[in-house]
Amino acid sequence: PLTTALDSEGRLVVGGCLLSDLARDYGTPLYVLDEATLRGTCRAYREALAEHYPGHALAIYASKANSSLAITALVASEGLGLDAVSAGELLTALQGGMPAERIVLHGNNKSREELALAAEQGVTVVADNWRDLELLAALAPDLQRPVQLMLRFTPGIECHTHEYIRTGHLDSKFGFDPDQLAAVLKHLATCSWAQLTGLHAHIGSQIFELQPHRDLAGVMADALALARSLGHPVVDLNVGGGLGIRYTTSDDPPSISEWVRTVAEAVAAACQERGLELPRLLCEPGRSLVASGGVTLYEVGSRKDIPGIRTYLSVDGGMSDNPRPITYQSQYTAVLADRPTAEATETVTVAGKHCESGDVLLKDLALPPAGSGDVLAVFATGAYNASMSSNYNRIPRPAAVLVHDGVADLVQRREQPEDLLRYDVLPTRLRSVK
Ligand code: LLP
């Protein structure tokens, strides 16, 4: 969890930086990323894997959670790998200094260009379907080396999370159907261009239960046995990500080390039961690596009191910088940056500035008296906020700063209104219309 402090006036400090100073210096909305927290979660994965699956495991950051050069560089320096799902994420990873051999490319509909980029760079491709294999086979004659390949299959495991972020059930667009696994493995045995290094499955996201991950280990060990019996010396089992985080006090997820321990023990036990030599263990955390290290700062603007019904406080961002509440009914917590511990005297609804009634960031937030000019700090926004942001209503995306020991480094410049017009084209014949 995020480490915060208070200055002598009781104002909130993160990474040694006073949040209201950051808001003043960089403007709002502002994504603030705390380097110590991000490094701490990376280390938690690394150390738990070293303890519970010694010498033989790697955590791969699911960069869809938050993809940037700075985060890539930080995660790479902590020794983790990276999961990319598009040419854009792949380019960011490579330019951010992530070694190609620690990157995997996912996707249920990869383009020829994405596959070519990955294969040329020596990135492992996670084959999701027959078309991936067809496209790669066509690219193979131009490649200098065999394509490192993992196979993704649907494990048929249900878990309790939001419908939109469940992926392990059979009715999923991701991965080969388990019934097809034998056929794919037999086919791959005939493909000299491919080197099958591993198997992959992912059951979903923001999961608090441990049992589905235990069940997954058994399903994957069966697949591993099948692959090896068909002559593939599979070395990696990639169990995906999915560990949930605490957004509000009612959330109670397992810790990173509990999750890793459960997964590692289950994989080891399932392999031992089947007499299988232990594979390398890969996991792909996204949210649990970066969510808690992020805080978003907003400035409060207008206020609307509807007597007996509700008070709206509107902030200068909303669903364009954090689409999770409107998309998944996600809940967050927030405080006033300069009065985090002041007594809460009212309950407000924090609304965004978008022209949409559902653009509400927090419902029923207890706050001390707040109004125009106050800086609101929303916690746990490091995952799936910046990466899912949009320009709805032509609102520029926020800047991001990385804070560390009292220093803030700009890691993403604020979009400018002119950036939004950069790709617009006005046909000549419309220019004279008055
Ligand atoms: N690996 C694969 C193949 C995935 O599809 C995902 C997430 C992960 C790893 C990382 O899962 P995590 O550890 O972050 O749970 N936008 C949604 C979450 C979508 C997750 C998609 N896949 C949200 O804001 O909640």
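A few remarks follow.
- Calculated on C-alpha atoms, the gyration radius of the chain divided by its Kirkwood radius gives an Rg/Rh of 1.01.
- Greater than 21 Å apart at Cα, pairs in Lys110/Lys186; Lys64/Lys186; Lys64/Lys110: Lys110/Lys186; Lys64/Lys186
- Cα gyration tensor, the stretch 35-290 - rounded (a/c under 1.5), prolate or oblate: oblate
- Beta bridges per DSSP with both ends in the stretch 52-211, % antiparallel, nearest 5: 5 percent
- Of the peptides 360-367, 203-210, the ranking by mean beta-carbon count within 10 Å, highest at the top, reads 203-210, 360-367.
- Considering only the Cα atoms of the stretch 184-282, their convex hull presents on average a projected area of 6.7 nm².
- Estimated from helical segments only, the mean residue ellipticity of the chain at 222 nm is -8500 deg cm²/dmol, where each DSSP H run of four or more residues counts as -39500 (n - 2.57).
- Sorted peptide list for 376-382, 145-151, criterion being average Cβ within 10 angstrom, highest first: 376-382, 145-151
- Net charge, Val234 excluded, C-beta distance under 15 Å - Lys, Arg +1, Asp, Glu -1: +2
- All aspartates and glutamates inside 13 Å of Lys363 as judged from Cα atoms, apart from same-chain residues fewer than 8 positions distant: Glu346
- For the chain, the Cβ-based charge dipole about the Cα centre amounts to some 920 debye (Lys, Arg positive; Asp, Glu negative; other atoms uncharged).
- Considering only alpha-carbon pairs that sit under 8 angstrom and 6 or more positions apart, the relative contact order computed for the stretch 35-290 is 21 percent.
- Net charge of neighbours whose Cβ lies under 13 Å from the Cβ of Pro253, counting Lys and Arg as +1 and Asp and Glu as -1: -2
- Its relative contact order, with pairs defined as Cα atoms under 8 Å and 6+ residues apart, puts the chain at 19 percent.
Since every read-out is calculated from the coordinates, none of them should be taken as a lab result. This is a predicted model, so every value here is computed, not measured. Glycine also receives a Cβ, built like all others from the backbone with ideal geometry; neighbour counts cover every protein chain displayed.
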